[in-house]
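The values are calculated or read from the model by the stated rules, or taken from the named source; none is laboratory data. No experiment lies behind these values; they were computed from the predicted model shown. Cβ atoms come from the backbone with ideal geometry, glycine included; neighbour counts cover every protein chain shown. Note: accessible area is taken over every heavy atom of the protein model, side chains too, but ligands, DNA and RNA are not part of it. Shrake-Rupley method; radii C 1.70, N 1.55, O 1.52, S 1.80 Å.
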Amino acid sequence: MNMKTVYLNNFMSSVVTELERNGQYSTAHVCGSVLRSVMTFDGDGLLLSSITPLWLKAYEHYLLHKGEKGLEWNTISTYMRMLRAVYNRAVVRKLVPFVPHLFREVFTGRKADHRRVLERDDMRQLLAEKDLDIISPGMEWARACLELMFRFHGMPFVDLAHLRKSDLKDGYLTLRRRKTGMPLSARVDSRAMQLLERYRNRDDTSSYLLCFLDGGLEGMAAYRDYLRILRLLNSKLRALALWRKVQGKVTSYTARHTWATAGKYCHIPIEIISEGLGHASVTTTEGYMKGFGNSRMDRANKVIMNYIFES
(Lines give C-alpha, C1' and ligand atoms only; values in the text may rest on other atoms or scores of the structure.)
Protein backbone atom coordinates (compact mmCIF):
# COMPACT_ATOMS: atom_id res chain seq x y z
CA MET A 1 0.00 0.00 0.00
CA ASN A 2 1.34 3.44 -0.94
CA MET A 3 1.79 5.56 2.16
CA LYS A 4 0.39 8.61 0.35
CA THR A 5 -3.00 6.93 0.03
CA VAL A 6 -3.31 5.68 3.63
CA TYR A 7 -6.08 7.61 5.36
CA LEU A 8 -6.09 7.87 9.14
CA ASN A 9 -9.78 7.03 9.49
CA ASN A 10 -9.41 3.83 7.46
CA PHE A 11 -6.30 2.69 9.33
CA MET A 12 -7.69 3.53 12.79
CA SER A 13 -10.93 1.71 11.97
CA SER A 14 -8.88 -1.38 11.13
CA VAL A 15 -6.98 -1.00 14.42
CA VAL A 16 -10.27 -0.80 16.35
CA THR A 17 -11.46 -3.99 14.64
CA GLU A 18 -8.15 -5.72 15.41
CA LEU A 19 -8.29 -4.70 19.09
CA GLU A 20 -11.85 -5.95 19.43
CA ARG A 21 -10.90 -9.22 17.78
CA ASN A 22 -8.12 -9.61 20.37
CA GLY A 23 -10.53 -8.90 23.24
CA GLN A 24 -8.98 -5.50 24.05
CA TYR A 25 -12.36 -3.84 24.26
CA SER A 26 -11.38 -0.96 26.54
CA THR A 27 -8.46 0.04 24.31
CA ALA A 28 -10.69 -0.33 21.24
CA HIS A 29 -13.25 1.95 22.90
CA VAL A 30 -10.63 4.67 23.48
CA CYS A 31 -9.27 4.27 19.96
CA GLY A 32 -12.77 4.68 18.53
CA SER A 33 -13.31 7.82 20.62
CA VAL A 34 -10.06 9.34 19.34
CA LEU A 35 -11.01 8.46 15.76
CA ARG A 36 -14.38 10.23 16.07
CA SER A 37 -12.66 13.25 17.65
CA VAL A 38 -10.06 13.49 14.86
CA MET A 39 -12.76 13.22 12.18
CA THR A 40 -14.72 16.02 13.84
CA PHE A 41 -11.57 18.13 13.92
CA ASP A 42 -10.25 17.44 10.42
CA GLY A 43 -12.75 15.32 8.50
CA ASP A 44 -12.21 11.88 7.04
CA GLY A 45 -9.67 12.87 4.38
CA LEU A 46 -6.61 13.11 6.63
CA LEU A 47 -3.60 11.14 5.38
CA LEU A 48 -1.48 9.31 7.93
CA SER A 49 1.56 11.06 6.49
CA SER A 50 -0.11 14.43 7.21
CA ILE A 51 0.30 13.95 10.95
CA THR A 52 3.04 16.44 11.73
CA PRO A 53 4.13 18.28 14.89
CA LEU A 54 2.22 21.33 13.64
CA TRP A 55 -0.98 19.31 13.04
CA LEU A 56 -0.68 17.64 16.45
CA LYS A 57 -0.30 21.02 18.17
CA ALA A 58 -3.41 22.31 16.40
CA TYR A 59 -5.34 19.18 17.42
CA GLU A 60 -4.18 19.60 21.03
CA HIS A 61 -5.43 23.20 20.99
CA TYR A 62 -8.76 21.99 19.61
CA LEU A 63 -9.12 19.42 22.40
CA LEU A 64 -8.14 21.94 25.07
CA HIS A 65 -10.79 24.43 23.94
CA LYS A 66 -13.44 21.97 22.72
CA GLY A 67 -16.94 22.94 23.85
CA GLU A 68 -17.44 25.26 26.82
CA LYS A 69 -14.62 23.90 28.98
CA GLY A 70 -12.53 21.67 26.75
CA LEU A 71 -10.98 18.38 27.76
CA GLU A 72 -8.77 17.92 30.81
CA TRP A 73 -5.04 17.56 30.26
CA ASN A 74 -5.01 13.91 31.31
CA THR A 75 -7.72 13.12 28.76
CA ILE A 76 -5.76 14.99 26.09
CA SER A 77 -2.71 12.93 27.04
CA THR A 78 -4.74 9.73 26.61
CA TYR A 79 -5.82 10.86 23.13
CA MET A 80 -2.27 11.75 22.11
CA ARG A 81 -0.80 8.50 23.42
CA MET A 82 -3.44 6.56 21.51
CA LEU A 83 -2.63 8.47 18.32
CA ARG A 84 1.06 7.78 18.89
CA ALA A 85 0.39 4.06 19.34
CA VAL A 86 -1.66 4.00 16.11
CA TYR A 87 1.05 5.89 14.21
CA ASN A 88 3.71 3.51 15.52
CA ARG A 89 1.67 0.56 14.24
CA ALA A 90 1.65 2.19 10.84
CA VAL A 91 5.41 2.70 11.02
CA VAL A 92 5.94 -0.99 11.83
CA ARG A 93 3.81 -1.91 8.81
CA LYS A 94 5.83 0.50 6.65
CA LEU A 95 2.79 2.61 5.82
CA VAL A 96 4.40 5.85 7.05
CA PRO A 97 7.99 6.89 7.71
CA PHE A 98 9.45 7.01 11.19
CA VAL A 99 9.64 10.62 12.38
CA PRO A 100 11.85 11.17 15.47
CA HIS A 101 10.19 13.11 18.30
CA LEU A 102 6.95 13.49 16.36
CA PHE A 103 4.87 13.85 19.55
CA ARG A 104 7.43 15.79 21.59
CA GLU A 105 5.58 19.13 21.47
CA VAL A 106 2.21 17.81 22.71
CA PHE A 107 1.33 16.64 26.20
CA THR A 108 1.61 12.87 26.75
CA GLY A 109 2.32 12.85 30.48
CA ARG A 110 0.08 12.85 33.54
CA LYS A 111 -1.00 15.70 35.78
CA ALA A 112 -2.05 15.13 39.38
CA ASP A 113 -5.82 15.43 39.75
CA HIS A 114 -6.47 16.35 43.38
CA ARG A 115 -10.18 16.86 42.73
CA ARG A 116 -10.61 13.10 43.01
CA VAL A 117 -9.31 13.18 46.59
CA LEU A 118 -11.80 13.69 49.40
CA GLU A 119 -11.04 15.13 52.82
CA ARG A 120 -11.57 12.76 55.75
CA ASP A 121 -14.84 14.38 56.87
CA ASP A 122 -16.26 14.24 53.34
CA MET A 123 -15.28 10.57 53.01
CA ARG A 124 -16.95 9.81 56.33
CA GLN A 125 -20.08 11.60 55.19
CA LEU A 126 -20.12 9.69 51.95
CA LEU A 127 -19.65 6.31 53.62
CA ALA A 128 -22.28 6.84 56.32
CA GLU A 129 -24.91 4.08 56.05
CA LYS A 130 -27.76 5.72 57.95
CA ASP A 131 -31.15 5.58 56.17
CA LEU A 132 -29.68 5.07 52.70
CA ASP A 133 -31.22 1.63 52.18
CA ILE A 134 -34.64 3.14 52.89
CA ILE A 135 -34.17 6.32 50.86
CA SER A 136 -32.45 4.77 47.84
CA PRO A 137 -31.23 1.17 47.46
CA GLY A 138 -29.26 2.36 44.42
CA MET A 139 -27.35 4.93 46.48
CA GLU A 140 -26.72 2.34 49.20
CA TRP A 141 -25.31 -0.02 46.58
CA ALA A 142 -23.01 2.75 45.28
CA ARG A 143 -21.95 3.59 48.85
CA ALA A 144 -21.17 -0.08 49.50
CA CYS A 145 -19.10 -0.29 46.30
CA LEU A 146 -17.15 2.80 47.36
CA GLU A 147 -16.47 1.33 50.80
CA LEU A 148 -15.36 -2.01 49.36
CA MET A 149 -13.01 -0.32 46.90
CA PHE A 150 -11.59 1.79 49.71
CA ARG A 151 -11.13 -1.17 52.07
CA PHE A 152 -9.39 -3.12 49.30
CA HIS A 153 -6.54 -0.60 48.92
CA GLY A 154 -8.41 1.70 46.53
CA MET A 155 -9.26 -1.15 44.18
CA PRO A 156 -10.50 0.08 40.77
CA PHE A 157 -14.15 -0.69 40.08
CA VAL A 158 -13.22 -2.76 37.03
CA ASP A 159 -11.37 -5.17 39.33
CA LEU A 160 -14.11 -5.15 41.98
CA ALA A 161 -16.87 -5.87 39.46
CA HIS A 162 -14.88 -8.69 37.82
CA LEU A 163 -13.86 -10.45 41.05
CA ARG A 164 -14.13 -14.21 40.69
CA LYS A 165 -15.38 -16.57 43.37
CA SER A 166 -11.99 -18.27 43.19
CA ASP A 167 -10.26 -14.96 44.10
CA LEU A 168 -11.58 -15.16 47.68
CA LYS A 169 -9.68 -17.69 49.76
CA ASP A 170 -8.54 -17.92 53.38
CA GLY A 171 -9.65 -14.37 54.20
CA TYR A 172 -7.84 -12.74 51.28
CA LEU A 173 -8.67 -11.54 47.81
CA THR A 174 -5.85 -12.53 45.48
CA LEU A 175 -6.03 -11.43 41.85
CA ARG A 176 -4.28 -9.65 39.02
CA ARG A 177 -5.28 -6.18 37.89
CA ARG A 178 -7.21 -6.25 34.65
CA LYS A 179 -5.43 -3.12 33.39
CA THR A 180 -1.80 -4.00 34.11
CA GLY A 181 -1.74 -7.67 35.14
CA MET A 182 0.01 -6.69 38.38
CA PRO A 183 -0.79 -8.93 41.39
CA LEU A 184 -3.07 -7.66 44.15
CA SER A 185 -3.65 -9.16 47.57
CA ALA A 186 -6.10 -7.61 50.03
CA ARG A 187 -7.19 -8.89 53.42
CA VAL A 188 -10.98 -9.15 53.81
CA ASP A 189 -11.84 -7.86 57.25
CA SER A 190 -15.18 -8.59 58.95
CA ARG A 191 -16.81 -5.41 57.63
CA ALA A 192 -15.69 -6.07 54.06
CA MET A 193 -16.91 -9.67 54.34
CA GLN A 194 -20.29 -8.41 55.48
CA LEU A 195 -20.57 -6.25 52.37
CA LEU A 196 -19.37 -9.04 50.09
CA GLU A 197 -22.02 -11.31 51.55
CA ARG A 198 -24.68 -8.67 51.00
CA TYR A 199 -23.92 -8.47 47.28
CA ARG A 200 -22.61 -12.00 46.74
CA ASN A 201 -23.57 -13.64 43.46
CA ARG A 202 -26.04 -16.45 44.25
CA ASP A 203 -25.99 -17.80 40.69
CA ASP A 204 -24.08 -21.08 40.74
CA THR A 205 -23.50 -20.89 36.98
CA SER A 206 -21.63 -17.57 37.23
CA SER A 207 -17.97 -17.32 38.16
CA TYR A 208 -18.35 -13.72 39.40
CA LEU A 209 -18.11 -13.19 43.15
CA LEU A 210 -20.52 -10.23 43.14
CA CYS A 211 -23.90 -9.88 41.45
CA PHE A 212 -22.99 -6.81 39.39
CA LEU A 213 -22.33 -8.37 35.97
CA ASP A 214 -24.08 -10.92 33.78
CA GLY A 215 -21.93 -14.02 33.96
CA GLY A 216 -23.49 -15.42 30.80
CA LEU A 217 -22.07 -12.74 28.51
CA GLU A 218 -18.78 -12.83 26.62
CA GLY A 219 -16.71 -10.58 24.38
CA MET A 220 -18.10 -7.20 23.40
CA ALA A 221 -21.45 -7.95 25.06
CA ALA A 222 -19.67 -8.48 28.40
CA TYR A 223 -17.70 -5.25 27.96
CA ARG A 224 -20.87 -3.29 27.24
CA ASP A 225 -22.46 -4.82 30.34
CA TYR A 226 -19.52 -3.54 32.39
CA LEU A 227 -19.83 -0.04 30.89
CA ARG A 228 -23.53 -0.08 31.78
CA ILE A 229 -22.86 -0.87 35.44
CA LEU A 230 -19.98 1.65 35.59
CA ARG A 231 -22.25 4.42 34.29
CA LEU A 232 -24.87 3.43 36.85
CA LEU A 233 -22.31 3.53 39.67
CA ASN A 234 -21.05 7.01 38.74
CA SER A 235 -24.62 8.28 38.44
CA LYS A 236 -25.52 6.95 41.89
CA LEU A 237 -22.30 8.28 43.40
CA ARG A 238 -23.10 11.77 42.10
CA ALA A 239 -26.56 11.48 43.63
CA LEU A 240 -25.07 10.25 46.91
CA ALA A 241 -22.61 13.16 47.02
CA LEU A 242 -25.46 15.59 46.41
CA TRP A 243 -27.57 13.97 49.15
CA ARG A 244 -24.69 14.04 51.64
CA LYS A 245 -23.74 17.60 50.65
CA VAL A 246 -20.21 16.56 49.67
CA GLN A 247 -18.69 19.22 47.43
CA GLY A 248 -15.81 17.24 45.93
CA LYS A 249 -15.93 15.39 42.63
CA VAL A 250 -17.09 11.86 43.43
CA THR A 251 -16.58 9.08 40.88
CA SER A 252 -15.49 5.45 40.82
CA TYR A 253 -11.90 6.75 41.16
CA THR A 254 -12.57 8.54 44.47
CA ALA A 255 -11.77 5.55 46.67
CA ARG A 256 -8.47 4.95 44.87
CA HIS A 257 -7.14 8.50 45.05
CA THR A 258 -8.39 9.06 48.60
CA TRP A 259 -6.83 5.80 49.85
CA ALA A 260 -3.45 6.73 48.36
CA THR A 261 -3.56 10.28 49.74
CA ALA A 262 -4.67 9.10 53.19
CA GLY A 263 -1.77 6.66 53.17
CA LYS A 264 0.68 9.45 52.37
CA TYR A 265 -0.86 11.61 55.13
CA CYS A 266 -0.38 8.72 57.58
CA HIS A 267 3.34 8.54 56.63
CA ILE A 268 3.09 5.12 54.98
CA PRO A 269 6.10 4.59 52.65
CA ILE A 270 5.35 5.33 49.01
CA GLU A 271 6.58 1.86 48.03
CA ILE A 272 3.86 0.22 50.13
CA ILE A 273 1.19 2.56 48.76
CA SER A 274 2.37 1.72 45.25
CA GLU A 275 2.14 -2.01 45.88
CA GLY A 276 -1.25 -1.65 47.52
CA LEU A 277 -2.56 0.13 44.44
CA GLY A 278 -1.11 -2.51 42.13
CA HIS A 279 0.82 0.04 40.08
CA ALA A 280 3.02 -1.32 37.31
CA SER A 281 5.26 1.71 36.75
CA VAL A 282 7.60 3.69 39.01
CA THR A 283 6.28 6.87 37.43
CA THR A 284 2.79 6.23 38.75
CA THR A 285 3.55 6.48 42.47
CA GLU A 286 7.21 7.55 42.40
CA GLY A 287 8.51 4.08 42.92
CA TYR A 288 7.69 0.39 42.72
CA MET A 289 10.25 -1.58 44.68
CA LYS A 290 10.38 -4.92 46.46
CA GLY A 291 7.31 -6.72 47.75
CA PHE A 292 6.42 -6.14 51.38
CA GLY A 293 4.22 -9.17 52.06
CA ASN A 294 0.72 -9.32 53.50
CA SER A 295 1.66 -8.43 57.07
CA ARG A 296 3.05 -4.97 56.30
CA MET A 297 0.30 -4.30 53.75
CA ASP A 298 -2.34 -5.32 56.30
CA ARG A 299 -0.87 -2.97 58.91
CA ALA A 300 -0.72 -0.11 56.41
CA ASN A 301 -4.33 -0.62 55.36
CA LYS A 302 -5.43 -0.79 59.01
CA VAL A 303 -3.76 2.56 59.68
CA ILE A 304 -5.69 4.10 56.77
CA MET A 305 -9.00 2.53 57.87
CA ASN A 306 -8.50 3.83 61.42
CA TYR A 307 -7.69 7.28 60.06
CA ILE A 308 -10.97 7.42 58.14
CA PHE A 309 -13.35 5.49 60.37
CA GLU A 310 -12.04 5.66 63.95
CA SER A 311 -10.05 8.75 64.89
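Annotation for the range 45-122: trypsin sites (Lys or Arg not before Pro) lying in DSSP loop with at most 13 further Cβ atoms inside 10 Å of their Cβ are LYS69, ARG93, LYS94, ARG104, ARG110, LYS111.
The 3J(HN,Hα) values that the Karplus relation (6.51, -1.76, 1.60; θ = phi - 60°) gives for the range 139-144 are, in residue order, 5, 5, 4, 5, 4, 5 Hz. Gly and Pro appear as x. Label separation (ARG21 vs TYR199): 3.7 nm, computed from points 7 Å beyond Cα along the C-beta direction.
Here the scattering of the range 187-287 is modelled by Debye summation over its C-alpha atoms, one equal scatterer each and no solvent; at q = 0.15 Å⁻¹ the log10 of I(q)/I(0) is -0.95.
Based solely on its DSSP helices, what 222 nm [θ] is calculated for the chain when runs of n ≥ 4 H residues each add -39,500 (n - 2.57) and the sum is averaged over all residues, nearest 500 deg cm²/dmol?
Details: 14 runs with 171 residues, N = 311.
Using -39500 (n - 2.57) per qualifying helix, the result is -17000 deg cm²/dmol.
Note that the range 241-250 has calculated 3J(HN,Hα) couplings of 4, 5, 5, 8, 6, 8, 7, x, 6, 10 Hz, one per residue in order, obtained from phi through the Karplus relation 6.51 cos²θ - 1.76 cosθ + 1.60 (θ = phi - 60°); glycine and proline are x.
At a 1.4 Å probe radius, carbon and sulfur cover how many percent of the accessible area of the chain? Could the numbers behind the result be given before it?
Working: 8690 of 16690 Å².
Result for the chain: 52 percent of the exposed heavy-atom area is carbon or sulfur.
Taking θ as phi - 60° and the Karplus parameters 6.51, -1.76 and 1.60, the scalar couplings of the range 45-50 work out to x, 7, 7, 4, 6, 8 Hz in sequence order, x denoting glycine and proline.
SER13 contributes about 50 Å² of solvent-accessible surface, heavy atoms of the protein only, 1.4 Å probe.
Remark on ARG177: its backbone amide H falls under 5 Å from those of MET182, LEU184, a criterion applied only to residues 5 or more positions apart or on other chains, H modelled at 1.01 Å from N.
Taking amide hydrogens as placed 1.01 Å from N in the peptide plane, the amide H of ARG164 sits under 5 Å from those of LEU209, each at least 5 positions away in sequence or on another chain.
Here THR40 and LYS165 are evaluated by their C-beta separation; at R0 = 51 Å the FRET efficiency comes out at 0.70.
Between ASN88 and CYS266, the simple spin-label model (points 7 angstrom out along Cα→Cβ) gives 3.7 nm. Applying 1/(1 + (r/R0)^6) with r as the Cβ-Cβ distance of MET182 and HIS101 and R0 = 35 angstrom yields a FRET efficiency of 0.70.
FRET efficiency for the GLN125 to THR75 pair, using the beta carbon distance and R₀ = 30 Å, is estimated at 0.60. Can you bin the range 1-68 into rounded, prolate or oblate? Criterion: square roots of the alpha carbon gyration tensor eigenvalues sorted a ≥ b ≥ c, rounded for a/c under 1.5, prolate for a/b above b/c, oblate for the rest. Verdict is oblate for the range 1-68. Loop sites by DSSP among the GluC sites (Glu not before Pro) of the chain, restricted to those with at most 15 other Cβ atoms within 10 angstrom, leave 130-217 as the longest stretch without any of them.
Of all aspartates and glutamates in the structure, the ones whose alpha carbon falls short of 18 Å from that of LYS111, not counting any fewer than 8 places away in one chain, are GLU60, GLU72, GLU286. Taking all protein chains as they are arranged and a probe of 1.4 Å, the heavy atoms of TRP141 leave approximately 30 Å² accessible to solvent. Taking every protein chain into account, the accessible area of the chain amounts to 54 square angstrom per residue (probe 1.4 Å).
Among the listed pairs LYS69/LYS94; LYS179/LYS302; LYS69/LYS302; LYS165/LYS249, give every one whose C-alpha distance is greater than 29 Å. Intermediate values should be presented prior to the final figure.
Numbers: LYS69/LYS94 38 Å; LYS179/LYS302 26 Å; LYS69/LYS302 40 Å; LYS165/LYS249 32 Å.
Cα-Cα > 29 Å for LYS69/LYS94; LYS69/LYS302; LYS165/LYS249; rest within.
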